[in-house]
1. Go from 0 up to the bin containing the longest alpha carbon distance in the stretch 206-253, width 5 Å each, and give me the % of pairs per bin.
2. Can you work out the Karplus-derived ³J(HN,Hα) for every residue in the stretch 161-171? Use 6.51 cos²θ - 1.76 cosθ + 1.60 with θ = phi - 60°, whole Hz, and x for glycine or proline.
3. Using the Karplus curve 6.51 cos²θ - 1.76 cosθ + 1.60 with θ = phi - 60°, what ³J(HN,Hα) values do you get for each residue of the stretch 71-84, in whole Hz, with x for Gly and Pro?
4. If the cut-off is a Cα-Cα distance under 27 Å, which lysines reach K174, setting aside same-chain residues fewer than 8 apart in sequence?
5. Please report the relative contact order for the chain, taking Cα pairs under 8 Å with a sequence separation of at least 6, and give it as a percent rounded to a whole number.
6. Note down, for the stretch 119-213, the three equivalent ellipsoid semi-axes (square root of 5 times each alpha carbon gyration tensor eigenvalue), biggest first, whole angstrom.
7. Of F231, F31, which has the most accessible area with a 1.4 Å probe, and how do the rest follow in descending order?
8. Note the full-extension length gain between E220 and V137 as 0.36 nm times their separation in residues minus their Cα-Cα distance, in nm to one decimal.
Amino acid sequence: MSEKPSAGIVGVGLLGSAVAGVLIDGGYQVFGHDIAAERLDALRSRGGHPAGSPAEVARRAEAVFTTLPTLESVEKAIAGANGVLDGAREGTAIIQMSTISPSLASQLEAVSRERGAAFLDAPVSGTSSMVARRDCVITVGGERSAFERSRPILEAIARRVFHVGRCGMGSHVKLVTNLIMGLNSVAIAEGLTLAHRAGLDLHQLLEILSEGAAASKMLEVRGPRVVQGRFDPMMKIDLFLKDIHLIIEASRTLHVPLPLTGVMQQLYTAAIARGQGKEDLAAIASVYEAIAGLPARTAKGNA
């Protein structure tokens, strides 16, 4: 792989546009495809090059990233008609960054190998805003040689990059990460609801928590959003519920009980029932406030 390979991105939503922006700023030529025309317009305005299909992206790029919302969309974009593999050449690196099942990652690697392309299972740990400022971590499963060839472009995106073993292991790491991140976000909402009921100054409380034993990345990222009642999406609840289903599926396969994850699934399901599926995970605070009989806080701060 050349020092500055051309890069392709299939899916330029929240995550894909953040990846595109980082690569463009790093001097890479970026080609992108998305089903939403306005996203391609935004890519063009940033300095990227829209493409008409995943296959066209693969024909024009040496490394192709997929950043899509569902397992079905990932599989179709890579292995479907006019997909990435239809445009890939010998040695094209397909870098799959979405949260998918480890089994699908292994299947896509096998199909890619048959077509002469390299496939890396490389999900991102971090919100889209964290990716945009290169404060994310990428865990990669796949052949070591393919990983080493792609390491420079991965390191252009992430603060840290880890090779964690065979294809599928990157997805296992992401599921564990999302399990802990999701539970942490719920714990923050639960604790701040108790504080709200007690009449504490929530802004001051965030400062106290961030200096003590309860400090965490999620407290830093989502604590202010809970306090402000600001739920514009960094990670949408409906997409995260898909991740929870993958976590529970993995737990059944591996015979690992996850009782807290089951509770988390029910809480986020309640948020979707309230019509908050397109809001950020921080909106779980609204579920707690409703249960506690508290008035919802607005974006101005405390109620």
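1. 5, 18, 18, 15, 17, 15, 10, 3, 0
2. 10, 10, 8, 10, x, 5, 4, x, 6, x, 5
3. Those phi angles translate into 4, 5, 5, 5, 4, 5, 5, 8, 10, x, 4, 6, x, 4 Hz.
4. K76, K217, K236, K242, K278
5. About 13 percent, as a whole number.
6. 36, 15, 8
7. Reading off the accessible areas and sorting them downward yields F231, F31.
8. Taking E220 through V137 to full extension adds about 28.2 nm, to one decimal.
The values are calculated or read from the model by the stated rules, or taken from the named source; none is laboratory data. Given the structure is predicted, the values throughout are model-derived calculations rather than measurements. Cβ atoms come from the backbone with ideal geometry, glycine included; neighbour counts cover every protein chain shown. Each accessible area value is taken on the protein alone, full model and side chains, heavy atoms only, with ligands, DNA and RNA left out. Shrake-Rupley method; radii C 1.70, N 1.55, O 1.52, S 1.80 Å.
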